[in-house]
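The values are calculated or read from the model by the stated rules, or taken from the named source; none is laboratory data. Owing to the predicted nature of the structure, the values given are computational and were not obtained by experimental measurement. Because the Cβ atoms are built from the backbone with ideal geometry, glycine has one as well, and the counts that use them run over all protein chains shown.
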Amino acid sequence: MTTEQGVVLADDHRAMLTEVRTLLQTRFNVLAAVENGLLAVEAVAKFKPELAVLDVAMPQMSGITAAHEIRRLGLPTKIVFLTIQADPEYIQAAQDLGAGYVSKSRMHSDLLLAIDETLAGRAFVSPLLMEPLR
Amino acid sequence: MQFGHAHSPSLPSPGSSIQFRIELKETLNRLAFQKIAWGLVVAAAYYAGTKLGFALTPEGHRIATLWPPNAILLAALLVAPYRLWWVLLLAVLPAHLLAQVRAGVPMATACGWFVGNVGEAVLGAACVRRLVRTSNIFDNIRGVVVFMVFGAIAAPLVTSFVDAFTVVSTGWGQGYWMLWTSRLFSNVLAELVLVPTIVIWCSNAPVWMRNSAPTRRLEGAVLAVGILAVSTLVFGTLHASPNVVPALVYLPLPLLLWASLRFGLGGLSPSLLVIAFISIWNAMAGRGPFTSPSLENNVLSLQVLLCTVAIPLMLLATVMAERHRTEESLREVSRKLIYAQEQERERIARELHDDIGQQLVLVELGLNQFPIEADTPLAAHVTDLRKQIAEISHSARDLSHGLHPSQLDHLGLGAAVRRLCDEVAHNTPLAVECNVDNTIGSLPRDLSLCLYRIVQEALQNVVKHSGASEVIVSLKQNSGLIVLQVADNGAGFAGQESQVAGLGLMGMRERLRPLKGEIRIISQPGSGTKVEVKVPVLAI
């Protein structure tokens, strides 16, 4: 059995968390699935996974802040944001952190690809679904 | 002087009865100390007041021109808790007798006067406390009027009968109604000027001293010096002669108005006290603006003058204080409203995002998983549905964002402001330049939200009212101060800024007030408008 890479998931919406877990557990070893940024940082510090898939909008601590915290702790974990937010400021923030950025509505098509790219050290951003309707 | 209330000991676990006894003794000691302290202080003040009253008694007269001790005792009875009243009354007896007997008053008269004096204080204080809550006697019209009617007029009125009777029946003096009148006025005046001074200064002076700005303290000092100077001038140096215009006696009035309007009753009462003291002291020495050869008449005129000036001014000062309080509570209400509104917006924004937004995404994902052959009518339908869901998602996100910008919480004020600028640039023909300082660290949440709302409001005003083609938004941090500017090249406006900005400006001011921020709007017709906000930020 090949050693699967470890991943920590974080999303405050339980159904979404289950959905992501189902998607990833065929290829990865899901070490923890938590519901806020604070627990995410703790889990990453404890399990030291190769990867963390974080929602952005979470109580207690947002995904962005959690990512900053993980970087500050010097952990080498790669980060992919999986979120509803599609605004350019978020994408910029993700790129500043060297993290991938996947739109939730494109989860099935983009997430695994994003993870591969990010683990390989390349940036990945989900193509935005459509231009804002104004 | 304020003395705290003793704490009752909490009962420790059984088996530590020695501990309990020690704590009980400590508490009793504290309570006893409190009683002794109160008693000593009030007795000493009463004694000093009595000596002062005797100093203000003209030679050969039986009744003082100004009688402080009753007022001092009444003030003490207003400030002290009910359970300490017996201590105070008991403590005052020896002080009274000592001072009176040493001044040569016969024991019988002194005892009779004790009943009158203490009776006045008890009667006044009891009535006032029955009718008004002690914490706000002097900060509202009702309290002040109750005090005036019962404490300053009714109580001295009733007990003057006792005191005048005492003098006549013990043979210490004669002329019942003359004694009654002079005793009445000297006590009414003392009550009016001394009681508010003592009560207000005991409760407010330490706080005021600590919290007031230096300019305010300077103003108070200038006022005090002014009162002293004018009183000495009017009452001390002007010699009664037909050439002197008697109306000059009203010279202190502008200063008293200043005290009432700017410092309320807490400033007016000590001013009145100073004027009363100086004028009476000088009148007894034969100086002053009143020309009657009879000292009694002069003093009576002075007392009547002081009383009739004091009463309306005290009411004015109280009305001003009430008005300030109303303004303050209005501001408090608007602050609370703004806060409640933001809370509600955030709640709705969050539910739109979390509940509706996430569930829509799940539906979308579910649809994606349908095994559909491409290029069939079913595939077209499904694609259509997916598009619709994406639109709904988008609308929900926009709505949520309009209520409360998530960037503010997740990415900070700078990102949120940049987003606002982008939106305006995207939706309107305006050219927007956004200069956000990247070195601005993370700010407190209420500060970020406040500044965000101000930028939002200012940009809306530019879009709706200015007719501008360019707007520059800048956000910088300079030595502990956040500076926000929104400048446009539009039509500008003259006159009152509030006319154009309307409720928006008031809302901005109210949001900034608890943060100690300031806002300025600079505008000239034809040369655009600039909104400038400065808020202090504690250096981390």
- Task: For the range B:305-325, indicate whether the set of residues that are farther than 18 Å from B:Asn140 by Cβ, basic (Lys, Arg) and without any contact (Cβ under 8 Å) to a residue 40 or more places away in the chain is non-empty.
- Result: no
- Query: Which one is farthest from the other protein chains (Cβ to nearest Cβ), of the residues in the range A:97-121 that are part of a helix (DSSP H, G or I), farther than 9 Å from A:Val80 by Cα and among the polar types (S, T, N, Q)?
  - Reply: A:Ser109
- Message: List the residue pairs whose Cβ atoms are under 6 Å apart, where the first residue sits in the range A:11-32 and is more than 14 Å from chain B (Cβ to nearest Cβ), the second is part of a loop (DSSP other than H, G, I, E, B), and the two are 6 or more positions apart or on different chains.
- Response: A:Phe28/A:Glu4; A:Phe28/A:Gln5; A:Asn29/A:Glu4; A:Leu31/A:Pro49
- Query: Just checking, how many residues over the range B:401-419 are within 9 Å of chain A (Cβ to nearest Cβ), out of contact with any strand residue (DSSP E or B) (no Cβ under 7 Å at 6 or more places or on another chain) and either touching a residue at least 60 places away in the same chain (Cβ under 8 Å) or among the basic types (Lys, Arg) (or both)?
  - Reply: 1
- Of the conditions (1) more than 19 Å from B:Ser269 (Cα to Cα); (2) at pLDDT below 90, B:Phe235 fails just one. Which one is it? (1)
- Query: If only one of B:Asn70, B:Asn136 is buried (at least 17 other Cβ atoms within 10 Å of the Cβ) and under 30 Å from B:Gly266 (Cβ atoms), which one is it?
  - Reply: B:Asn70
- Message: Here is a check on your reading of the model: is B:Leu218 modelled with pLDDT of 90 or more and exposed (fewer than 14 other Cβ atoms within 10 Å of the Cβ)?
- Response: yes
- Query: When only residues in the range B:271-300 that are surrounded by 18 or more Cβ atoms within 10 Å (Cβ to Cβ) and among the hydroxyl-bearing types (Ser, Thr, Tyr) count, which is nearest to the chain's Cα centre (by Cα)?
  - Reply: B:Ser271
- Item | Residue that is farthest from the other protein chains (Cβ to nearest Cβ), among those in the range A:58-69 that are at pLDDT 85 or above and surrounded by fewer than 24 Cβ atoms within 10 Å (Cβ to Cβ) | A:Glu69
- Message: Just to be sure before I move on: is B:Ala64 touching a Phe, Trp or Tyr at 6+ places or on another chain (Cβ under 9 Å), under 21 Å from B:Trp177 (Cα atoms) and surrounded by fewer than 22 Cβ atoms within 10 Å (Cβ to Cβ) in the structure I sent?
- Response: no
- Looking only at residues in the range A:41-57 that are more than 14 Å from chain B (Cβ to nearest Cβ) and within 26 Å of B:Gly357 (Cβ to Cβ), which one is surrounded by the fewest Cβ atoms within 10 Å (Cβ to Cβ)? A:Ala43
- Go over the candidates B:Val417, B:Val424 one by one and state the one that is more than 26 Å from A:Asp55 (Cβ to Cβ), crowded, with 18+ Cβ neighbours inside 10 Å and touching a helix residue (DSSP H, G or I) at 6+ places or on another chain (Cβ under 8 Å). B:Val424
- Within the range B:358-367, identify whether any single residue is within 14 Å of chain A (Cβ to nearest Cβ), outside any helix (DSSP H, G or I) and at negative phi, and answer yes or no. no
- Does the range B:368-379 include one or more residues that are in contact (Cβ under 8 Å) with a residue 12 or more places away in the chain, surrounded by fewer than 17 Cβ atoms within 10 Å (Cβ to Cβ) and within 14 Å of chain A (Cβ to nearest Cβ)? yes
- Note on the structure: Reported set for the range A:70-90 where residues are more than 9 Å from chain B (Cβ to nearest Cβ), of a type in the set (Val, Ile, Thr) and either in a loop (DSSP other than H, G, I, E, B) or within 19 Å of B:Arg350 (Cβ to Cβ) (or both) is A:Thr77, A:Thr83
- Query: For the range B:318-341, which residues satisfy the criterion of being within 12 Å of the chain's Cα centre (by Cα) and hydrophobic (A, V, I, L, M, F, W, C)?
  - Reply: B:Met320, B:Ala321
- Task: Kindly provide the set of residues from the range B:83-110 that are of a type in the set (Val, Ile, Thr) and more than 34 Å from the chain's Cα centre (by Cα), ordered by number.
- Result: B:Val101, B:Val105, B:Thr109
- Query: Do you know which of the residues in the range A:84-101 that are closer than 21 Å to B:Asp398 by Cβ and touching a helix residue (DSSP H, G or I) at 6+ places or on another chain (Cβ under 6 Å) is surrounded by the fewest Cβ atoms within 10 Å (Cβ to Cβ)?
  - Reply: A:Glu89
